[in-house]
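A short worksheet on the structure shown next.
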Amino acid sequence: MTFLELARTRQSDRAFTTQAVRREDLLTCVQAAQLAPSACNSQPWKFVIIDDAALVKQVGTMIANNPLGINKFAETAPVLVAVVEEPAVLMAKAQGTVPNDRWAKFDLGSATEHFCLQAAELGLGTCIMGAFDSEAINAALDLPKDRNVFIMLAVGYPSGNTRTKVRKEVDKICSFNRYEG
Ligand SMILES: Cc1cc2nc3c(=O)[nH]c(=O)nc-3n(C[C@H](O)[C@H](O)[C@H](O)COP(=O)(O)O)c2cc1C
């Protein structure tokens, strides 16, 4: 698969088979995330992989009970991953130029996408989920008080269809040498 083919293959999967996901494969996804770039190489992330069925059910129900009324499928995912924001330790010169957590959020996004792309290469489906009550999940996972779940992932073997990507055209999102509105 070329990189473009892999990028096309990754999609948000919201239905999964009951097939168990091997820890080895999940750790390969974490290795891909580990290789993501980060400001000052701060690597402000931790991945809490939830593959214990009872805990998946508990946390999945918490995700499903979000105010937007979406993510009901989270209860049926074989694996959930909590991407936890860690304090970004920037080099002294960079400190104070922007809030540390601004770059951290960029970094967390990069690492999360590395995870999802690696999963896609392994035939695993993922869905990034931003709609959830983070306080409830922080407590369920027993996170320290100063840590927060940034984003959740559902992971499993997809049982749904492959969709055609809905994206803005390249010429609408790109221009050379000047901004075109
Ligand atoms: C930060 C972020 C939060 C998201 N939150 C949710 C979510 O809570 N529930 C959901 O079903 N999809 C969620 N998505 C998935 C997007 O809807 C999806 O990536 C987008 O529609 C493009 O579709 P694709 O991923 O299949 O290419 C989220 C994606 C991102 C990047």
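In whole percent, what relative contact order does the chain give with Cα contacts below 8 Å and a gap of six or more residues?
Computed over the chain, the figure is 33 percent.
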Point-to-point label distance, Val170-Tyr157, nm (Cα→Cβ direction, 7 Å offset): 3.5 nm
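Can you give the charge dipole size of the chain about its Cα centre, rounded to the nearest 20 debye, using +1 on the beta carbon of Lys and Arg and -1 on the beta carbon of Asp and Glu?
Details: 19 positive and 20 negative charges, 90 e Å.
The dipole magnitude comes to about 440 debye.
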FRET efficiency estimate (nearest 0.05) - Cβ-Cβ, Ile70 to Leu122, R0 30 angstrom: 0.70
C-alpha center-to-center spacing [the stretch 1-61, the stretch 68-95] in angstrom: 11 Å
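For Leu6 and Val98 in one chain, what is 0.36 nm times their gap in residues minus the Cα-Cα distance, to one decimal in nm? Could you put the intermediate results ahead of the total?
Values: separation 92, 0.36 × 92 = 33.12 nm, distance 3.33 nm.
My answer for the length gained is 29.8 nm.
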Residues of type lysines that Lys72 reaches as a straight line, Cα spacing below 18 Å, ignoring anything fewer than 8 places off in the same chain: Lys57
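If I take R0 = 30 Å and measure r between the Cβ atoms of Ala53 and Ala139 in this structure, what FRET efficiency does the formula 1/(1 + (r/R0)^6) give, to the nearest 0.05?
0.95
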Leading residue at positive end of dipole, the stretch 7-173 (Cβ point charges), from His114, Asn161, Gly125: Asn161
Shape parameters for the stretch 21-81, alpha-carbon atoms, Rg then Dmax in Å: 14.1, 38
Charge-dipole axis of the chain as Lys and Arg at +1 and Asp and Glu at -1 on Cβ define it, positive-most pick from Phe176, Ala74, Gln95: Phe176
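Read-outs throughout are calculated quantities, based only on the coordinates presented, and are distinct from any laboratory measurement. All values reported here derive from a predicted model rather than from experimental measurement. Neighbour counts run over all protein chains shown; Cβ positions are idealised from the backbone, glycine included.
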